[in-house]
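Colleague: So that we are looking at the same thing, I have put the structure below in structure tokens.
The values are calculated or read from the model by the stated rules, or taken from the named source; none is laboratory data. Everything numeric in this text was worked out from a predicted model, so none of it was measured. Positions of Cβ are backbone-derived with ideal geometry, glycine not excepted, and every protein chain shown enters the neighbour counts. What goes into the accessible areas is simple: the full protein's heavy atoms, side chains included, and nothing from ligands, DNA or RNA. Shrake-Rupley method; radii C 1.70, N 1.55, O 1.52, S 1.80 Å.
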Amino acid sequence: MRSGQRLGRRFGWLWAAYGTSALGTWLAFGAFPLIAVQVLHAGPAEVAALSSAGAAVGAAAAVPLGPWVEFRRKRPVLIAMDLVRCAALLTIPTAFALGVLTFVQLLLVSVVVAAADITFRAASGAYLKTLLAGEDLLVANARFESTAWTTTIIGPPLGGMAIGLLGPVATVVADALSYLLSALGIRATGGHEPRPERPAATHMRARDLLDGWRYILADATLRPLFFNTALFNGLVMAAQPLLAVLMLGPLGFAPWQYGLAFAAPSIGGLLGSQLARPLVTRFGQRQVLAVAGTLRAIWPIGLAFLGPGTGGLLLVMGVELGLIFCCGVFNPVHATYRLERTATDRVTRTLSAWAVTTKATTALLTAGWGVLGALFGPRTAIGLAGLLLLATPLLLPHHSAAFPSEPEPAPEPGRI
């Protein structure tokens, strides 16, 4: 199979399931904070805790799930995680209808969904690696990336309309149903998935929880990529709330302008993901990772110079377009390389550790940058994030020797 090819019926169902759940997620974008504010009359501290603490606790809860999932068939795990997210989200409209919805319930649901998200992503990477040949992984990841940016473009505007007409709880129902449809799509993939072989031991030990991190840190190329992506994603996301404060507050942008500034540039991600495979074919995986990973770090510093009016709006859109385009190229190449580099019997644990660290880092940096924004102002904090991002390319692997083929699985005596 080559570029533009069919990847088979089973991948088609998996791709459809991914697109459905991604659309549901973006339809419900911002629904939890809106429910907290509009329905439960929560204050700024509670809203901040809902996003940061929910993600951090969910990441911690997902830690034991990676080793547990590693030696189980991945398709049933994917279906189970979709159903868990669906059931957790449906408790919100149910409690709302009964008049018993509380902030604690919102927080608990956010924790459950965050843990299930991490587990799903880790299991889906392992499942994809068993589903497709190695040369098709980049095509598949590019299609996932294109779908992600497409749903980013159309989801929030549709969700905003639904919230305006029906309220934020309605979009939570849509999100829950999208996970149910995703579960049905994954079930429809069918086919035989062999059960991973278990090592001799039958129980999991406390030290097994750190397997994913040990594997990453022992690998000469996964290690720098791991630190690069965790720091880059954390700094970019930490600056977003401060940018919202700056744009919607002192600079006087209307909410629709703020939404447009981030929705329209998402077309860059769609374009970048389409170019990922041709660029790798021409220049090689290492070169594309190094160049795209470097270029994506250059753009955010421009947000520190944001001003009011049309010029300011165009500046934000230009910065976001450049950033998202580079991410659209980098992300599928990075995801493919990570799968190729990780031994088959370590994929779930590795991806789980990666996602847990990224979520926890983002939560911590978001909280820290909130303090910096309060002390020094949002513009200064945004500029500091941009300066630190300029250093992240130093963590990228830059030598061709760092890109060997997949290592052989290491023996694991006395394990799970």
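Colleague: Mind listing just one residue for me: the one in the range 149-192 that is surrounded by 15 or more Cβ atoms within 10 Å (Cβ to Cβ) and not in a helix (DSSP H, G or I) and, of those, nearest to the chain's Cα centre (by Cα)?
Modeller: T189
Colleague: Taking the stated definitions as given, is G370 open to solvent by less than 50 Å² (accessible area, probe 1.4 Å) and free of Cβ contacts under 8 Å to residues at least 40 places away in the same chain? Even if it seems obvious, please write down each step before you answer.
Modeller: On the way: open to solvent by less than 50 Å² (accessible area, probe 1.4 Å): yes; free of Cβ contacts under 8 Å to residues at least 40 places away in the same chain: no.
For G370, the condition - open to solvent by less than 50 Å² (accessible area, probe 1.4 Å) and free of Cβ contacts under 8 Å to residues at least 40 places away in the same chain - is not met.
Colleague: Same structure again: When residues of the range 303-318 are filtered for being closer than 21 Å to A391 by Cβ and buried (at least 18 other Cβ atoms within 10 Å of the Cβ), how many remain? Don't jump to the end; show me each part of the working.
Modeller: As a first pass, look at the range 303-318 and keep what is closer than 21 Å to A391 by Cβ: 303-305.
Narrowing further to those that are buried (at least 18 other Cβ atoms within 10 Å of the Cβ): 303-304.
Residues in the range 303-318 being closer than 21 Å to A391 by Cβ and buried (at least 18 other Cβ atoms within 10 Å of the Cβ): 2 in total.
Colleague: Which is closer than 21 Å to A238 by Cβ, open to solvent by 40 Å² or more (accessible area, probe 1.4 Å) and part of a helix (DSSP H, G or I), of L279, L321, L270, L275?
Modeller: The unique qualifying residue is L321.
Colleague: Please determine whether any residue of the range 331-346 is crowded, with 24+ Cβ neighbours inside 10 Å, of a type in the set (G, A, S) and in contact (Cβ under 8 Å) with a residue 60 or more places away in the chain.
Modeller: The answer is no, given that none of the residues of the range 331-346 is crowded, with 24+ Cβ neighbours inside 10 Å, of a type in the set (G, A, S) and in contact (Cβ under 8 Å) with a residue 60 or more places away in the chain.
Colleague: Here is a check on your reading of the model: is S146 open to solvent by less than 20 Å² (accessible area, probe 1.4 Å), modelled with pLDDT of 90 or more, under 30 Å from G268 (Cβ atoms) and of a type in the set (S, T, Y)?
Modeller: On the way: open to solvent by less than 20 Å² (accessible area, probe 1.4 Å): yes; modelled with pLDDT of 90 or more: yes; under 30 Å from G268 (Cβ atoms): yes; of a type in the set (S, T, Y): yes.
Yes.
Colleague: Given the criteria more than 22 Å from E320 (Cβ to Cβ) and touching an Asp or Glu at 6+ places or on another chain (Cβ under 7 Å), does Y179 qualify?
Modeller: Values: more than 22 Å from E320 (Cβ to Cβ): yes; touching an Asp or Glu at 6+ places or on another chain (Cβ under 7 Å): yes.
Yes.
Colleague: Among the candidates V77, V113, which residue alone is within 21 Å of G190 (Cα to Cα), within 20 Å of the chain's Cα centre (by Cα) and outside any loop (DSSP other than H, G, I, E, B)?
Modeller: It is V77.
Colleague: Turning to a different aspect of this structure: Scan V37, V69 and give me the residue that is over 26 Å from T151 (Cα atoms) and at pLDDT below 85. First the steps, then the outcome.
Modeller: Values: V37 fails: over 26 Å from T151 (Cα atoms).
It is V69.
Colleague: Determine whether the range 20-32 contains at least one residue that is open to solvent by 60 Å² or more (accessible area, probe 1.4 Å), among the aromatic types (F, W, Y) and modelled with pLDDT under 85.
Modeller: Within the range 20-32, one or more residues are open to solvent by 60 Å² or more (accessible area, probe 1.4 Å), among the aromatic types (F, W, Y) and modelled with pLDDT under 85.
Colleague: Condition first: surrounded by fewer than 21 Cβ atoms within 10 Å (Cβ to Cβ) and either modelled with pLDDT of 95 or more or of a type outside the set (D, E, K, R) (or both). Now tell me which residues in the range 209-227 satisfy that.
Modeller: If the condition is that a residue be surrounded by fewer than 21 Cβ atoms within 10 Å (Cβ to Cβ) and either modelled with pLDDT of 95 or more or of a type outside the set (D, E, K, R) (or both), then L209, L210, W213, Y215, L217, A218, A220, T221, L222, P224, F227 are the ones that fit.
Colleague: Run R10 past the list (1) of a type outside the set (D, E); (2) open to solvent by 50 Å² or more (accessible area, probe 1.4 Å); (3) not in a helix (DSSP H, G or I) and report the number of the one that doesn't hold.
Modeller: Every listed condition holds for R10 apart from (3).
Colleague: Closer than 30 Å to R341 by Cβ, at pLDDT below 90 and open to solvent by 20 Å² or more (accessible area, probe 1.4 Å), is that true of E135? Walk me through how you get there before you give the answer.
Modeller: On the way: closer than 30 Å to R341 by Cβ: yes; at pLDDT below 90: yes; open to solvent by 20 Å² or more (accessible area, probe 1.4 Å): yes.
Here the answer is yes, as E135 does meet what is asked.
Colleague: Filter the range 165-179 down to the residues that are small (G, A, S) and out of contact with any helix residue (DSSP H, G or I) (no Cβ under 6 Å at 6 or more places or on another chain) and list them by number. Can you show your working first?
Modeller: At the first step, the residues of the range 165-179 found to be small (G, A, S) are 167, 170, 174, 176, 178.
Matches in the range 165-179: G167 only.
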